[in-house]
Amino acid sequence: MTLDQILTEVSRELSGAIAKQNVSRLAAHHRIQGSPGFDDAVNEIKDVLERWDIPCRVHSYPADGKTTTYSWTAPLGWNVRSGTLRQLSPQEESLVRFDEISHGVIAHSRGGAAEADVVDVGEGTRAEDYAGKDVAGKFIMVTGKPQEVAPLAVERGAIGVILYPTSKRAGEWPDLVQYAGFWPHASQIEATPLGFSISRRQADSLLAALREGPVRLSGSIDADLGAGTLHVLEAWIPGRCSQAREILLVSHLCHPTPSANDNASGSGLLLEIARALSSLTKEGRLALDRSVRFLWVPEFYGTLPWAASHRQQIEKLLFVLNLDMVGQSPERLGEPFRVSRAPGSTPTVINAWFEPLLERIEADPCTIAPRGTRRPMQWRLGPASGGSDHVVFSDPLFGVPAVMFGHGDPLHHTHLDDVDMVDPTELKRVGVLAATLALLPGALAAEAERLAGWLLRYGLSAIHRSFELSLQANRAATEELLDLALTLEEQRLSSFERLLDEASVAWDGSGQRQALEAIRDALRKTGSGSVVKHDRAIEGSSPRKAFDGPLPYDVFRSLSKEDRRFMEREFSGPYGAVTLEALNLCDGKRTTREIALRLSLEFGQWISGETVVRALGILERGGWIEMGGPSD
């Protein structure tokens, strides 16, 4: 089996049109975690898998607001049937109807009804937002996250929260309605308010009316909030080598209807990839050496308990591909497809495969779907990202190389993320990439030389990038950065050699190592920067991660205003990736200095030791790491 055979057969079999049909069906379900709508979507996928004779099973985990997996507390179950919000005076107007725009009811709102005046409190996440304002027995209008607003609002007697977007968030879409949730724990059920979400246009109308006098609203929600069940759907296509490491493809299924790109697109495409791979192997058109496994999950809250209960299975994984927002139409929005590489804490050869594969897929007219875009594929390779299920697997607890495929999307988490924003060609191209990656380890015998060339191309570029980074930092730590980049690329090379050894393919990597060392040495002679000096205690400290699993979403909420601003501005990166990777690197052996250098390499920008020391100090005070003494 060769790469050309894989690309040809996958492009013929995998259908962007079928993938979009899947997206449309899934988008019709209101897929909040632990809800009947989520379960309906799971059952729809399961029925299709069984019709295709693809083995699958559903796993169940508590949605009770108190069960903890690692540091994450399960959400509560929620069943919403209807919800309305009306302005009664000074004029009558319908503001929210759940059956028209599901985002209009904030997830995890309690059931109930109220008629009251409304008060605008701005962001609503700080005590000072309420200064001088009587909110008792009233609705409040806010722009802040409802889960941060609710405790302050309920403490002051507010009966309902009305979320509206800032002008910046609304942008050119004044009618967009945001998705949000309260995410209460079991002990907070009684203190959970009614919650609604309205557009900027509607909010501006209410704010204008408030400047003239009182505004009266009436709201009602028919919903149940309490103990429920989280369901994870797992499917698999067995490979010929039962002992070989497996490939896992994962996609979160949750979010309100339609949430088409985020993430009916990933879930619908995952189903089409499973169908295509099953057909190709059953018909004997391609051989599947390694088993491929598929997960449809409630984001994080299903992935974590599944991972915790499948430790032995995870130990057999070769890599993880996370499909999260993969179908965006280039005509409608135009954001490029993005690959967020596996982080340096889990060095892997697959990082070297993305660019050459995408170049082939972009140039192949067979990857254009009927009624899909014919534009050239726009794509970007980027550093590790947080914000989705892949970070569960790259955590040191599991240590599996994990990658995210997706698009930046200004309409995600809004009601405008509908099926019209999803393009079948984009789905097909991403599907061909994912399926090819799943099959490529089975082509090592025929493609070892090609893959070795890709690896050398990637490694030489990575070492050169480390030199460019030292110039960005005024040649600070040139030798250290070059040496560290060489070490990482040698580890990547070792991951390739292990793959070849597992496939019994003979290959001598000494020439690759010599080439990598040669460019390192040449760049070292080009410029020798001075090493930035640090306090010896800082240089020698060796922090250790003090918990298992990825850092929970809400950690920064407990920080002081100053510390939170610092972490969000200086130590976040793509969806918190800098903080996550820093924690991944805190193994009790690496010094703070080395962590700073590795973060700089990973994210392509100079991150000073002082910045890392301050950030780790904040995490230490929160109990998330322990600062060791000088390393041996």
Next on the checklist: Condition (residue is over 29 Å from TRP183 (Cβ atoms) and at pLDDT 80 or above) applied to region 534-541: is it met by at least one residue?
Outcome noted: yes
Item to check | Test result for GLU331, at pLDDT 95 or above, acidic (Asp, Glu), more than 17 Å from the chain's Cα centre (by Cα) and open to solvent by 40 Å² or more (accessible area, probe 1.4 Å) | outcome: no
Checklist entry - Among the residues of region 360-380, is any surrounded by fewer than 23 Cβ atoms within 10 Å (Cβ to Cβ) and assigned to a strand (DSSP E or B)? => result yes
Next on the checklist: Restricting to region 227-246, name every residue that is of a type outside the set (Val, Ile, Thr) and either at pLDDT below 95 or over 30 Å from GLN188 (Cα atoms) (or both).
Outcome noted: GLU234, ALA235, TRP236, PRO238, GLY239, ARG240, CYS241, SER242, GLN243, ALA244, ARG245, GLU246
Checklist entry - basic (Lys, Arg), surrounded by fewer than 22 Cβ atoms within 10 Å (Cβ to Cβ), in contact (Cβ under 8 Å) with a residue 40 or more places away in the chain and more than 28 Å from LYS66 (Cβ to Cβ): does that describe ARG201? => result no
Next on the checklist: Restricting to region 393-419, give me the number of residues that are of a type in the set (S, T, N, Q) and more than 23 Å from PRO343 (Cα to Cα).
Outcome noted: 1
Next on the checklist: So if I check each of PRO401, PRO396, PRO356, which one is within 23 Å of LEU601 (Cβ to Cβ) and either touching a Ser or Thr at 6+ places or on another chain (Cβ under 6 Å) or modelled with pLDDT under 95 (or both)?
Outcome noted: PRO401
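Only residues that are in a helix (DSSP H, G or I) and open to solvent by 30 Å² or more (accessible area, probe 1.4 Å): list them for region 508-517, please. Talk me through it step by step, then tell me what you get.
We begin by selecting, within region 508-517, every residue in a helix (DSSP H, G or I); these are 510-517.
Listed by number, the residues that qualify are SER510, GLY511, ARG513, GLN514, ALA515, GLU517.
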Checklist outcome for this item: Of the residues in region 139-158, those that are open to solvent by 50 Å² or more (accessible area, probe 1.4 Å) and of a type in the set (D, E, K, R) come to LYS145, GLU155, ARG156
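Looking at region 37-66, which of the residues that are in contact (Cβ under 8 Å) with a residue 60 or more places away in the chain and of a type in the set (D, E, K, R) is surrounded by the fewest Cβ atoms within 10 Å (Cβ to Cβ)?
By that ranking, first place goes to ASP53.
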Checklist entry - Here are some conditions: (1) more than 30 Å from LEU597 (Cα to Cα); (2) in contact with an Asp or Glu (Cβ under 7 Å, 6 or more places away or on another chain). ILE463 meets all but one. Which one does it not meet? => result (1)
Checklist outcome for this item: Counted residues in region 376-428 being within 15 Å of GLY266 (Cβ to Cβ), within 13 Å of the chain's Cα centre (by Cα) and of a type in the set (A, V, I, L, M) come to 3
Item to check | Of residues in region 159-189 being of a type in the set (D, E, K, R) and in a loop (DSSP other than H, G, I, E, B), the one most open to solvent (accessible area, probe 1.4 Å) | outcome: GLU172
Item to check | All positions within region 1-36 that are small (Gly, Ala, Ser), in a helix (DSSP H, G or I) and open to solvent by less than 10 Å² (accessible area, probe 1.4 Å) | outcome: SER11, GLY16, ALA19, ALA27
Next on the checklist: Looking at region 548-605 only, could you name the residues that are closer than 22 Å to ASN351 by Cα, among the polar types (S, T, N, Q) and buried (at least 22 other Cβ atoms within 10 Å of the Cβ)?
Outcome noted: THR579, ASN584, SER600
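Which ones in region 429-443 are under 24 Å from the mean Cα position of the chain (by Cα) and among the small types (Gly, Ala, Ser)?
Matches in region 429-443: GLY431, ALA434, ALA435, ALA438.
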Checklist entry - Before we move on, is VAL349 within 14 Å of the chain's Cα centre (by Cα) and either β-branched (Val, Ile, Thr) or open to solvent by 10 Å² or more (accessible area, probe 1.4 Å) (or both)? => result no
Checklist outcome for this item: Exactly one of GLY386, GLY406 is of a type in the set (Gly, Ala, Ser), touching a residue at least 40 places away in the same chain (Cβ under 8 Å) and either surrounded by fewer than 18 Cβ atoms within 10 Å (Cβ to Cβ) or in a loop (DSSP other than H, G, I, E, B) (or both), and that one is GLY386
Next on the checklist: Would you confirm, using the coordinates I've provided, whether ASP418 is acidic (Asp, Glu), modelled with pLDDT under 95 and under 23 Å from ILE18 (Cβ atoms)?
Outcome noted: no
Next on the checklist: If I ask for residues that are surrounded by 21 or more Cβ atoms within 10 Å (Cβ to Cβ) and either at positive phi or of a type in the set (Asp, Glu) (or both), which ones from region 478-506 would you list?
Outcome noted: GLU489
Item to check | Failed item, numbered, when LEU411 is tested on (1) open to solvent by less than 10 Å² (accessible area, probe 1.4 Å); (2) assigned to a loop (DSSP other than H, G, I, E, B); (3) more than 24 Å from ASP262 (Cα to Cα) | outcome: (3)
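The values are calculated or read from the model by the stated rules, or taken from the named source; none is laboratory data. As the structure is a computational prediction, the values presented were derived from the model and not from experiment. Glycine also receives a Cβ, built like all others from the backbone with ideal geometry; neighbour counts cover every protein chain displayed. Remember, those area values only see protein heavy atoms, side chains included, never the ligands or the DNA or RNA. Shrake-Rupley method; radii C 1.70, N 1.55, O 1.52, S 1.80 Å.
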